Structure formats: C-alpha cells, structure tokens
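Structure first, then comments.
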Amino acid sequence: MIKAILFDIDNTLLDFDAFVRQCLRKGFDAFLLGKYTDRVYEIFAQTNREMWGQIEAGRMTHEDLMRDRFNRIFAQCGIEFDGPTFENFFREDLFSNAIPVEGAMELLKRLQGQYVLCAASNGPYAQQVNRLRLAGMLPFFSQLFISEKIGVSKPSPEFFAYCLSALGLSPDEVLMIGDSYQTDIAGAKASGIKTCYLGEGEADWCVSRLAEIAEIL
C-alpha cells in the first residue's frame, strides 16, 4: 500500500518550460540580443537536457553548468554575449518565479491527508523551496528531498535510498511522480519504488495530465 508520494518539481508541479520561454524573451529584450524566436528555446532545451544528463552521470558539476550553459547556447545561436552574465539573470528570475502546472494545486489538495507528500528534485535547495513557497505549494510537503541538500542527484540509487531512509518506508510503500523517464522513473524503478510517469513509457502508471493521478490512487 502506498503511504508516501515523491513529487518531482520542474515540469511536474511547476512549469519550467513556460518559465524558460518567458525568461529568454525577457532577457533578449533586456540585453538587446535581437529578436527572440522559438529556435532559441529549442537550443536551450537540448543543451540543458544534455548538460543535466552529464551532471546526473557525475561527469559535470553545477558550477560547470552555470559557467558554460549560455556560452554554448549563444554560440549555437550566433550571438556574442557573456554567458555567465545571462546565467545570473536566468537564475535570479527563476528563483522568484513559479508557474504551476495545470491541475497541480488541485492534486495536492486532493492527496493531502491521505499520503505523506514530499518533493524530490534536482537543483539548488533555496531556489526550489522558494519557488514552491511562491506557488503556495510548500505547506503540502512533509519533507523536501533536494539534490543540493542531499549531496546526490536523481537518478542515483543513493538519492532514493536517502528518501526511503528518511521516510522509514519500504520501496513498495512509496510512489514517484515525474516527467523525466531517465531521471525520475528509471531511477525510482531501479530502487523498487512504484512510479507514475507524465508521459508514455514503462512505469506502474502513465498519465498525460495530473488530474488523472487522483483517479488512479
């Protein structure tokens, strides 16, 4: 029987993609970088995905990402601008920005009191906590499992082992909900934790919208 639920944050509870488009558009205007187009977002998404994959595999650090991410993006866009300057702008904007995914708040309200709700996210601790606070979601969570605080990132077995130990539960009593198959679902499955994937793949449950989760549990 499921007793606790681990929620990924970005693109599960908070719409990171919507934020990125909004922030890039704002940054292009602020730094006079020319016209923002969807191609810029596509380059960001691909570069960001590749770099986070390297972080999760232990081949890159968060400091590497902060230094190099926008230098790589601007190089592909043919833009001459200091990447770390834009990175600082991006991170400051992200810290104070929280766009809820449709149905996220309703799901948390529905599940509160029935399960122990926890956040399980890769990223800076203060940033993720502040974004949950801004979205009004922080009071729903009994525990916050954030990679910077724990010292390891999803999909590492050590990350999920830490969660299970802190909860004092067995893997079959915990459910992981997330949008990244490799990071959230495969990582949790490898630790014996039940999984709900916001997408199509091999998981205990697959859904296209958060509202469907309430019908499953």
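The values are calculated or read from the model by the stated rules, or taken from the named source; none is laboratory data. Owing to the predicted nature of the structure, the values given are computational and were not obtained by experimental measurement. Note: ideal-geometry Cβ built from the backbone for every residue, glycine included; neighbour counts use all protein chains shown. Calculation scope for accessible area: heavy atoms of the full protein, side chains included, ligands and nucleic acids excluded. Shrake-Rupley method; radii C 1.70, N 1.55, O 1.52, S 1.80 Å.
Among the residues of region 133-149, those that are out of contact with any Cys (no Cβ under 7 Å at 6 or more places or on another chain), within 22 Å of ASN48 (Cα to Cα) and either open to solvent by less than 20 Å² (accessible area, probe 1.4 Å) or of a type outside the set (Lys, Arg) (or both) comprise ILE146, SER147, GLU148. Looking across GLU102, GLU80, one residue alone is more than 19 Å from the chain's Cα centre (by Cα) and not in a helix (DSSP H, G or I). It is GLU80. Listed conditions (1) part of a helix (DSSP H, G or I); (2) surrounded by 21 or more Cβ atoms within 10 Å (Cβ to Cβ); (3) of a type in the set (Gly, Ala, Ser) are all met by ALA161, apart from (2).
Of all residues in region 123-140, those satisfying the criterion of being touching a residue at least 60 places away in the same chain (Cβ under 8 Å) and closer than 26 Å to ILE216 by Cα are LEU132, ALA135, MET137.
Conditions (1) of a type outside the set (Lys, Arg); (2) part of a helix (DSSP H, G or I), marked per residue:
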site: LEU33; (1), (2): yes, no
site: TYR41; (1), (2): yes, yes
site: ALA45; (1), (2): yes, yes
site: ASN48; (1), (2): yes, yes
site: ARG59; (1), (2): no, no
site: ASP64; (1), (2): yes, yes
site: ALA75; (1), (2): yes, yes
site: GLU87; (1), (2): yes, yes
site: GLU92; (1), (2): yes, yes
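For beta carbons closer than 6 Å, sequence separation of 6+ or different chains, a first residue in region 46-69 that is more than 17 Å from PRO155 (Cβ to Cβ) and a second that is open to solvent by 50 Å² or more (accessible area, probe 1.4 Å) and at pLDDT 90 or above, the qualifying pairs are THR47/ARG72. When the residues of region 165-190 are filtered to those that are part of a loop (DSSP other than H, G, I, E, B) and over 17 Å from MET1 (Cβ atoms), the one that is modelled with the highest pLDDT is ASP179.
Does ASN130 satisfy the criteria of being surrounded by fewer than 16 Cβ atoms within 10 Å (Cβ to Cβ), modelled with pLDDT of 95 or more, polar (S, T, N, Q) and closer than 19 Å to ASP17 by Cα? In short, no.
Considering LEU32, LEU6, LEU24, the condition of being open to solvent by 10 Å² or more (accessible area, probe 1.4 Å) and either modelled with pLDDT under 95 or not aromatic (Phe, Trp, Tyr) (or both) is satisfied by LEU32 alone. In the set (1) surrounded by fewer than 21 Cβ atoms within 10 Å (Cβ to Cβ); (2) farther than 27 Å from ARG69 by Cα, the condition left unmet by ALA188 is number (1). Residues of region 73-84 that are within 28 Å of LEU13 (Cα to Cα) and open to solvent by 30 Å² or more (accessible area, probe 1.4 Å): PRO84 alone.
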